[in-house]
Structure formats: structure tokens, C-alpha cells
Amino acid sequence: MSQKNPVPGTGGERYIPYEERTGKESVVYFTRDLSAEGLRRIYERINGNMTGKVAIKLHTGEQHGPNIIPRPWVESLIKTDLPEASIVETNTYYEGDRYTTEQHRETLKVNGWTFCPVDIMDEEGTTALPVKGGKWFDEMYMGKNILNYDSLFVLTHFKGHTQGGFGGSNKNIGIGCADGRIGKAMIHTTPGSDDMWDIAGEEFMERMTESAKAVVDHFGEHISFVNVLRNMSVSCDCEGTAAAPVVTPNIGILASRDILAIDQASVDLVYALKDEDHKDLVERMESRHGLRQLTYMKELHMGNDRYHLIDIDNGDKEITLEEAVKDVVPFEG
């Protein structure tokens with residue numbers, strides 16, 4: 001994939017330490033319990049706004065993808081806490097196992113996502129959601145069926161990303177709700193270009209974030225986020241079995257009602273690891289100018305980059321990043 005020059009002055013390659021940030025603070029919950037029970041317990045902290053018909057935006061992965069959120073965890077959560085919910089996805093922009101609806105449904109079967117409804121939202125067309133305050137878009141094209149839901153639970157496998165530097169909640173909905181032909185092309189490709197991936201660097205982060213803002217604004221108070229910091233390859237789950245080997249240690253699970261706070265906390269926890277444990281993932285974030293996702297979310301008033309990190313394993317005690325990762329075990333593949 002080609003890399004355009006970054007937009008000057010926006011600093012997507014520079015990590016901003018917590019003490020340099022300003023503004024209000026949100027709440028981010030944390031557990032080290034990487035299990036079905038851990039996922040269920042942390043979901044309970046942010047589920048109060050999940051009302052009406054609930055969609056779960058989940059990256060269900062390419063066929064046999066090794067790093068996606070374990071299917072039994074999601075099945076347990078849905079059967080216990082969200083029995084009427086549907087997983088939602090859209091078709092991919094690239095040709096592969098999820099390019100057409102038919103291919104996508106076969107991949108869902110292969111990966112075991114058969115225990116609840118899975119709505120491929122662009123199967124029957126698109127809808128345009130407004131982008132408020134964007135500099136690239138006035139509207140973004142989403143899978144039409146996004147309009148059928150009252151609430152959105154964004155369940156994200158946090159990891160690296162070839163184009164975005166990292167994939168958190170912002171990427172999960174910014175790319176993952178945009179339809180596979182129009183919306184994703186708007187984010188990835190300059191009109192008329194022969195290179196479908198020619199938009200990169202800071203411009204790509206901003207386009208993706210404006211798409212995510214359209215989703216966040218659409219659901220208003222009825223959207224919540226969980227990031228699972230496990231099996232964090234520098235590659236996205238869209239690379240399937242071709243993903244780079246995992247070398248970053250597992251950290252835990254985060255939950256928040258603030259999309260910026262949860263992605264910022266996820267990045268902060270990676271940076272809080274020892275240098276030898278985070279160097280590959282940090283290099284991926286910085287070399288792609290992926291940290292622009294965070295500063296642009298703040299510019300678009302999507303949330304706060306300061307937060308209280310609440311440890312639900314120890315009586316809801318507020319903890320530091322260093323305390324959260326002090327017992328992390330180096331990854332052994």
C-alpha cells in the first residue's frame with residue numbers, strides 16, 4: 001500500500017503523554033480477566049444505555065483468522081446478556097472471503113458465527129449518515145440496515161493495522177459500518193485513482209474518524225465500547241492467517257461509553273509496557289501516523305483523551321497505567 005505524505009502539523013507519529021493533555025476526564029473500566037466471564041463482567045459496567053433493538057459491531061474475521069475475539073466468549077455474552085441482539089458487519093472493499101454477501105456468509109459459517117443473527121448491513125444497499133464538522137465529508141455511506149437498530153455495542157479486538165497503525169473502536173465502526181463499495185472507497189481511494197489504497201497517513205486517519213463520528217452521532221447516548229487487548233498482532237484481523245505473528249503481551253479488557261477515552265487508554269496501556277514488549281506495535285502505530293486518530297477524535301469533540309482507569313478486579317479502585325501492566329507476562333507464541 002502506498003503512503004501519502006502526512007498532513008503537516010497534525011503529528012500522527014507523535015505519542016502525547018498524559019500530562020500534556022487537557023480537558024475533562026471520562027471513565028474507562030479495566031479487567032485483566034481475558035475470558036468469557038471477564039467480558040461479561042466488564043460489559044455490565046457500560047450496558048445501561050443498550051436499549052431497544054441492539055446491534056453488536058464485531059469484526060468476525062477472515063476464514064480461520066487466529067487472533068479474533070474468541071467465538072465462545074461472544075456466544076456466552078449474547079446468550080446471557082444480549083439474547084435479542086444481532087451481530088452486524090459490512091462487506092469488504094478488497095476482494096476476498098467477505099467481498100460479496102455470499103462469500104461473507106460462508107466465512108461466517110467457517111468461523112462459527114452461527115449462534116445468533118448476523119446482519120450484513122449493506123446486503124440490500126446503503127444509507128448516508130451526516131458527518132458534522134468534518135473537513136473531508138458532509139456524509140458517509142453506511143450499510144442501510146444500520147437504521148434498523150436503536151443501540152450499538154462496539155466490541156473490538158484491539159490490534160495493529162497495516163494502513164491505520166492500530167485498529168480500535170474508531171476503526172471498527174469507521175471502516176466496519178461503511179458499506180463495502182461506496183463508503184469504504186470514500187475513505188480509502190482518491191476518486192479516479194488506479195490505486196485503491198492511495199489515501200494513507202494523516203488523511204486516512206481523518207477520513208476514517210469522520211466516518212466513525214457519523215456512527216457515534218447517529219446513536220447518540222445509545223452506544224458503548226469494549227476493547228479486547230489480546231493477541232495484538234501488528235496486522236489487522238482482515239489479514240486472516242497471513243497476519244504477522246503476535247509478539248505483544250496480552251493486557252486485558254477495557255470498557256467505556258467514550259470512544260476516544262477507550263482507544264486512548266488502549267494505546268496508553270501499550271505504551272506503558274516495557275520497550276522490548278511494545279516496540280513492534282508502537283512502531284506500527286507511529287510509522288503509519290495512526291495516533292492522528294486520537295487527536296482528530298478530540299478535534300471533532302467525540303470524547304475525552306483523559307480518563308479515570310477503574311480496576312474492576314480490585315473493588316473498582318482507580319489505578320495508574322503502570323499498575324495495570326505491572327504483572328503482564330511477555331508473549332510466548
Margin query: If R₀ is 41 angstrom, what is the calculated FRET efficiency for the pair Asp313 and Ser193, using the beta carbon separation as r and rounding to 0.05?
Written below: 0.25
Check: What is the set of long-range amide H partners of Lys57 at a cut-off below 5 Å, with H atoms built 1.01 Å from backbone N?
Finding: Val88, Phe153, Val154, Leu155
Notebook entry, point to check: At Glu25 and Thr100, where each label point lies 7 Å from the Cα along Cα→Cβ, what is the point-to-point distance in nanometres?
Noted result: 5.4
Check: For the pair Trp136 and Gln63, what calculated FRET efficiency results from E = 1/(1 + (r/R0)^6), where r is the Cβ-Cβ distance and R0 = 25 Å, to the nearest 0.05?
Finding: 0.15
Notebook entry, point to check: Gaussian network model of the chain, Cα springs within a sub-10 Å range: biggest mean-square fluctuation belongs to which of Lys279, Lys213, Lys135?
Noted result: Lys135
Next item on the list: Report, for the chain, the % of DSSP beta bridges that are antiparallel, rounded to 5.
Entry: 45
Check: Expressed as a whole number of Å, what is the distance separating the alpha-carbon centroids of the stretch 249-271 and the stretch 44-120?
Finding: 21
Next item on the list: Compute the normalised compactness of the stretch 125-230: alpha-carbon radius of gyration over 2.2 N^0.38 Å, N being the residue count.
Entry: 1.03
Item checked: Ranked list, fewest to most other Cβ atoms within 10 Å of each Cβ, for Val154, Val27 -> Val27, Val154
Notebook entry, point to check: On full extension of the chain, what length is gained from Glu276 through Glu323, given 0.36 nm per residue of separation minus the C-alpha to C-alpha distance?
Noted result: 15.1 nm
Next item on the list: Take Arg105, Arg32 and order them by how many other Cβ atoms sit within 10 Å, fewest up front.
Entry: Arg105, Arg32
Next item on the list: Once you've got the GNM for the chain with C-alpha springs shorter than 10 Å, pick whichever of Pro245, Pro72, Pro191 has the biggest mean-square fluctuation.
Entry: Pro191
Check: Normalised by the number of residues in the stretch 18-325, what is the relative contact order in percent for Cα pairs under 8 Å and 6+ residues apart?
Finding: 26
Item checked: Debye log10 I(q)/I(0) for the stretch 191-275, one point scatterer per Cα, at q = 0.23, 0.25 Å⁻¹ -> -1.25, -1.26
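Which percent of the Cα-Cα distances in the stretch 1-139 go past 20 Å?
For the stretch 1-139, the fraction of Cα-Cα distances above 20 Å is 65 percent.
Only helical DSSP H runs with n ≥ 4 go in: add -39500 (n - 2.57) per run for the chain, normalise by residue count and round the 222 nm mean residue ellipticity to 500 deg cm²/dmol.
Per the formula, -9000 deg cm²/dmol.
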Next item on the list: Sort Met205, Met297 so the one with the fewest other Cβ atoms within 10 Å of its own Cβ comes first.
Entry: Met297, Met205
Checklist line | Residues Glu283 and Thr241, FRET efficiency given R0 of 22 Å [Cβ-Cβ distance, rounded to 0.05] | finding: 0.45
Next item on the list: Would you look at the GNM of the chain, springs on alpha carbons closer than 10 Å, and say which of Ile253, Ile223, Ile46 moves the most?
Entry: Ile46
Item checked: Globularity index of the stretch 18-325, i.e. its alpha-carbon radius of gyration over 2.2 N^0.38 Å -> 0.91
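Any read-out appearing in this document is the output of simple, stated calculations on the displayed coordinates, not a laboratory observation. Not measured: the values here are computed from a predicted model. When we count neighbours, we look across all protein chains shown, and the Cβ atoms used for this are built from the backbone with ideal geometry, even at glycine.
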